[in-house]
Amino acid sequence: MVRALVAALSILALAGCASLPPQPDASDRAAAQAGILSFGIQQPDRFDAITVRLDLPDSAAGSVLTFPDSWGPEENLSQSRGDIAFRGLERLPGEGEAYRVAPGGGWITYTVAQDYEGEPDWETHRLPGMRVRTAPSHAFLLGPTVLPAWSQGGVPLTLDLQSLPQRAAFSFAPGDCATGCALEDLANSVLALGDFAFDTRQAGDTTVRSAIRGSFAMNADAMSGVLAGMLDQGAQRFDDAPFPSYLFAVNPIPAPPQGSAVVGTGLHRSFLLLASENADAERLRHTIAHEIVHEWITRRMGPTDEETDAQRMWFTEGATEYFAWKLQLAAGLIDTQDFLAGMSDLANAYLASPVRELPAGELAERIFESEEAQRLPYQRGALLAWHWDILARERGSSLDAVIADLIDGNERQELTDARIRAAMTRRIGGQFDSDLARYVVQGKALDPMALTLPGCLVAIPERSGTVRFAIADGSSGDTCRAELLGPA
Ligand SMILES: [Zn+2]
């Protein structure tokens, strides 16, 4: 606050000396119409509660802020918000928590704090660690669980992190939002505070920041290596500019009663990883790779309709899973045998899935019912994405080009199913439509043996009813790798 006041005073002093008032440049004008999002803590070096404040200018008048009550598997998120105070905003009647900005603008402030006792655990939480985590030593917040969205109108926001301590990392640096960021992007973020290991590295043109708690089978260097390779390959293959900065945040969660857990969520130029410390390196690597692909599928393509997200998971998760394998191969993070083992595992998990013939509509309704239901779009979608990539290549194109087209066509309008399907058909041809109708919409059984594969591969049926993708006799690993990747 003191610094802001000093800045304001020095501007006044300058204006007083000059014969003409200073002319604001375009970015100053944009910032003047922007609101401000601020984060802070209440007591030095204590992370029990985080303060959030939104200052909204007159230009925001009439727009409506809606606070989240659910996100993914998490519900009743309003329980983690408290001490709400506002001025120049009108609380709207109705079930959800929504405010309309009055003429002249206004502000709203609230605190965010954990709404359960102790550490997250598997008995109380469907997915421990996704909910607001605040403790004396650290805090870990997912933007979409704590920040509102504009349900109508809205203005861009600049960012004020001056009230946060040194030991903090947010997906955005204040400089990223000097002329205002969309609230929708700002909410797609992660905030890590306190006893994390914070680090910054350079990966090509990208500054990679990391915030890691706990100790894992992969260290920060190895995780950054995966990140750098994936970002580089994604930019090349999807014909996109590399990002100036990227943040990854890792927080440990308890191991589930049996085995280990690794959960990733892709956010705006950042991702978070929740993992039990007994998770193996392969699984950590693959999850990181998968989350980075989400930067393009679908983040760079435009917003999707969250209500119906589950219905297009054959694309949002299926294509992402395929490219997670393909870009790891391209980046040299895995070899051809690893790639084939990964695709064979997906095929066999699909063949063994009790829900494999669920039509997409029904699957969307039952997506959180079981692990098998959640995994089906990844399995079915990745196998089809592979097959479609090869079909597109037979026409001199590739699935990479479909992704590039969809990123190119982003005019900040909703990424609709019609736009996805049109982009696919354009590069893959008419078989895409019949495949989608048959295997996804109707849920007919897909035979992995009948997929269109690169010429260097064979699909071998095994006695146990499983299938194995392998390099055909007479083909070499190297030429097959080139054939799997196609032109970059
Ligand atoms: Zn995903």
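Exactly one residue among Asp280, Asp309, Asp305 is over 18 Å from the mean Cα position of the chain (by Cα) and of a type in the set (Asp, Glu), and that residue is Asp280. Scan the range 289-308 for residues that are within 10 Å of the ligand (Cβ to nearest atom) and assigned to a helix (DSSP H, G or I) and the total you get is 3. Please go through the range 233-254 and pick out each residue that is charged (D, E, K, R) and either in the same structural domain as Arg375 (by TED's automatic domain parsing) or surrounded by fewer than 23 Cβ atoms within 10 Å (Cβ to Cβ) (or both). Within the range 233-254, Asp239, Asp240 meet the criteria.
Results for (1) among the charged types (D, E, K, R); (2) buried (at least 22 other Cβ atoms within 10 Å of the Cβ); (3) modelled with pLDDT of 95 or more, shown as yes or no for each residue.
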position: Glu277; (1), (2), (3): yes, no, yes
position: Glu291; (1), (2), (3): yes, yes, no
position: Trp296; (1), (2), (3): no, yes, no
position: Arg299; (1), (2), (3): yes, no, no
position: Thr304; (1), (2), (3): no, no, no
position: Ala310; (1), (2), (3): no, no, no
position: Glu321; (1), (2), (3): yes, yes, yes
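Scanning the range 53-69 for residues that are outside any loop (DSSP other than H, G, I, E, B) and either outside the structural domain of Gly153 (by TED's automatic domain parsing) or out of contact with any Phe, Trp or Tyr (no Cβ under 6 Å at 6 or more places or on another chain) (or both) yields a total of 8. All conditions in (1) within 12 Å of the ligand (Cβ to nearest atom); (2) over 25 Å from Ala173 (Cα atoms) hold for Gln311, with the sole exception of (1).
Considering only the range 347-368, I want to know if a residue exists there that is touching a residue at least 40 places away in the same chain (Cβ under 8 Å), within 16 Å of the ligand (Cβ to nearest atom) and within 19 Å of the chain's Cα centre (by Cα). Checked the range 347-368: at least one residue is touching a residue at least 40 places away in the same chain (Cβ under 8 Å), within 16 Å of the ligand (Cβ to nearest atom) and within 19 Å of the chain's Cα centre (by Cα).
Does at least one position in the range 276-288 carry a residue that is among the hydrophobic types (A, V, I, L, M, F, W, C), outside any helix (DSSP H, G or I) and within 14 Å of the ligand (Cβ to nearest atom)? No, the conditions are met nowhere in the range 276-288.
Scanning the range 315-329 for residues that are of a type in the set (Phe, Trp, Tyr) and more than 12 Å from the ligand (Cβ to nearest atom) yields a total of 1.
Scanning the range 146-160 for residues that are modelled with pLDDT under 95 and either over 16 Å from Asp55 (Cα atoms) or not in a loop (DSSP other than H, G, I, E, B) (or both) returns Ser151, Gln152.
Within the range 336-379, being open to solvent by less than 80 Å² (accessible area, probe 1.4 Å), under 17 Å from His290 (Cα atoms) and not small (Gly, Ala, Ser) holds for Asp338, Phe339, Leu340, Met343, Leu346, Gln374, Arg375, Leu376, Pro377, Tyr378, Gln379. Looking across the range 255-275, the residues that are touching a residue at least 40 places away in the same chain (Cβ under 8 Å), within 12 Å of the ligand (Cβ to nearest atom) and open to solvent by 10 Å² or more (accessible area, probe 1.4 Å) come down to Val263, Thr265.
Which residues, counting only those in the range 70-103, are in a helix (DSSP H, G or I) and surrounded by fewer than 18 Cβ atoms within 10 Å (Cβ to Cβ)? Walk me through how you get there before you give the answer.
Pass one, the range 70-103, residues in a helix (DSSP H, G or I): 77-80.
Ser78, Gln79 - these are the residues of the range 70-103 that are in a helix (DSSP H, G or I) and surrounded by fewer than 18 Cβ atoms within 10 Å (Cβ to Cβ).
Checked against the criterion of being surrounded by fewer than 20 Cβ atoms within 10 Å (Cβ to Cβ) and in the same structural domain as Val52 (by TED's automatic domain parsing), the candidates Ala187, Ala178, Ala139, Ala220 yield just one match: Ala178. For the range 238-267, the set of residues classified as assigned to a loop (DSSP other than H, G, I, E, B), at pLDDT below 90 and closer than 30 Å to Ala423 by Cβ consists of Ala241, Pro242, Phe243, Pro244, listed by residue number.
The values are calculated or read from the model by the stated rules, or taken from the named source; none is laboratory data. Quick caveat: nothing in here was measured; it's all calculated off a predicted structure. Using ideal geometry, Cβ is built from the backbone for each residue, glycine included, and neighbour counts are taken over all protein chains shown. Surface accessibility is based on the protein's heavy atoms, side chains included, excluding ligands, DNA and RNA. Shrake-Rupley method; radii C 1.70, N 1.55, O 1.52, S 1.80 Å.
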